[in-house]
Ligand code: MN
């Protein structure tokens with residue numbers, strides 16, 4: 001089946017005041033939609049058009065040379081954004097707070113504390129030059145913070161994405177994710193984003209990545 005744009009799991013104003021409604025509408029309805037449309041166009045008429053987008057980005061080497069670049073950018077963009085929407089929730093209604101259970105244990109083991117983790121994650125977000133993502137991944141049974149350029153995903157593997165692992169949390173640091181409200185103040189966007197992180201979704205992804 002061709003890729004389809006998944007609906008946002010909440011109204012576009014649900015993440016206010018941290019992420020504004022107009023940003024969500026454009027980000028989802030225009031940017032994510034363009035990745036879906038262009039990804040489908042790139043894969044049309046190939047066997048890959050019917051494949052699971054996650055399987056496609058895990059094995060980009062299998063694609064014909066002329067499809068690899070478009071798939072990396074657009075199927076990557078689709079996978080990244082599909083995950084991103086589910087990793088947020090309305091503040092105080094599933095969004096914000098702190099991780100619990102096994103994920104909290106893994107974060108504390110790797111970084112010392114939740115605050116130390118947030119500091120390191122924010123530094124990775126600030127340090128990503130240009131467009132990209134910051135991730136918390138499970139790699140070799142441990143959690144790590146990594147960052148990728150453009151629409152690369154750690155699932156693409158080290159040779160392509162420069163890092164590896166299974167994402168359990170991801171933050172879009174493209175300007176389109178924050179410019180309307182925060183302009184050039186990426187650190188303010190990252191600081192506000194903690195108020196809408198859906199830690200139960202991250203815990204679910206962590207359980208899947210460690211079982
Ligand atoms: Mn984006």
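Only one of these is out of contact with any strand residue (DSSP E or B) (no Cβ under 6 Å at 6 or more places or on another chain) and crowded, with 19+ Cβ neighbours inside 10 Å: 71, 61. Name it.
Step by step, each of 71, 61 is checked, and only 71 is out of contact with any strand residue (DSSP E or B) (no Cβ under 6 Å at 6 or more places or on another chain) and crowded, with 19+ Cβ neighbours inside 10 Å.
Name the strands (runs of 3 or more DSSP E) wholly within the range 108-181 that hold at least 1 residues that are over 15 Å from residue 80 (Cβ atoms)?
Values: elements: 132-139, 142-149, 166-172.
Ranges flagged: 132-139, 142-149.
Assess whether residue 139 counts as being in contact (Cβ under 8 Å) with a residue 12 or more places away in the chain and within 29 Å of residue 14 (Cβ to Cβ).
Against the criterion (in contact (Cβ under 8 Å) with a residue 12 or more places away in the chain and within 29 Å of residue 14 (Cβ to Cβ)), residue 139 does not qualify.
Is there a residue in the range 166-175 that is in contact (Cβ under 8 Å) with a residue 24 or more places away in the chain, at positive phi and touching a helix residue (DSSP H, G or I) at 6+ places or on another chain (Cβ under 9 Å)?
No, that holds for no residue.
State whether one or more residues within the range 99-108 are closer than 27 Å to residue 7 by Cβ, more than 14 Å from the ligand (Cβ to nearest atom), modelled with pLDDT of 95 or more and surrounded by 18 or more Cβ atoms within 10 Å (Cβ to Cβ).
Taking the range 99-108 first, the residues closer than 27 Å to residue 7 by Cβ are 99, 103.
Checking which are more than 14 Å from the ligand (Cβ to nearest atom) leaves us with 99, 103.
Narrowing further to those that are modelled with pLDDT of 95 or more: 99, 103.
Checking which are surrounded by 18 or more Cβ atoms within 10 Å (Cβ to Cβ) leaves us with 99, 103.
Yes, the range 99-108 has at least one match.
Just checking, does the range 37-54 include any residue being within 16 Å of the ligand (Cβ to nearest atom) and either modelled with pLDDT under 95 or surrounded by fewer than 17 Cβ atoms within 10 Å (Cβ to Cβ) (or both)?
Scanning the range 37-54 turns up at least one residue that is within 16 Å of the ligand (Cβ to nearest atom) and either modelled with pLDDT under 95 or surrounded by fewer than 17 Cβ atoms within 10 Å (Cβ to Cβ) (or both).
Out of (1) within 16 Å of the ligand (Cβ to nearest atom); (2) in contact (Cβ under 8 Å) with a residue 60 or more places away in the chain; (3) within 21 Å of residue 35 (Cβ to Cβ), the odd one out for residue 196 is which?
Every listed condition holds for residue 196 apart from (3).
When the residues of the range 149-169 are filtered to those that are under 19 Å from residue 126 (Cβ atoms) and over 13 Å from the mean Cα position of the chain (by Cα), which remaining residue is surrounded by the most Cβ atoms within 10 Å (Cβ to Cβ)?
Among those residues, the one meeting the criterion is 163.
For residue 133, all conditions in the list (1) over 19 Å from residue 72 (Cα atoms); (2) in contact with a strand residue (DSSP E or B) (Cβ under 8 Å, 6 or more places away or on another chain) hold save one; what is the number of the exception?
(1)
The values are calculated or read from the model by the stated rules, or taken from the named source; none is laboratory data. Since the structure is predicted, the reported quantities are computational estimates derived from the model, not experimental observations. Note that each Cβ is placed from the backbone with ideal geometry, even for glycine, and that neighbours are counted across all protein chains shown.
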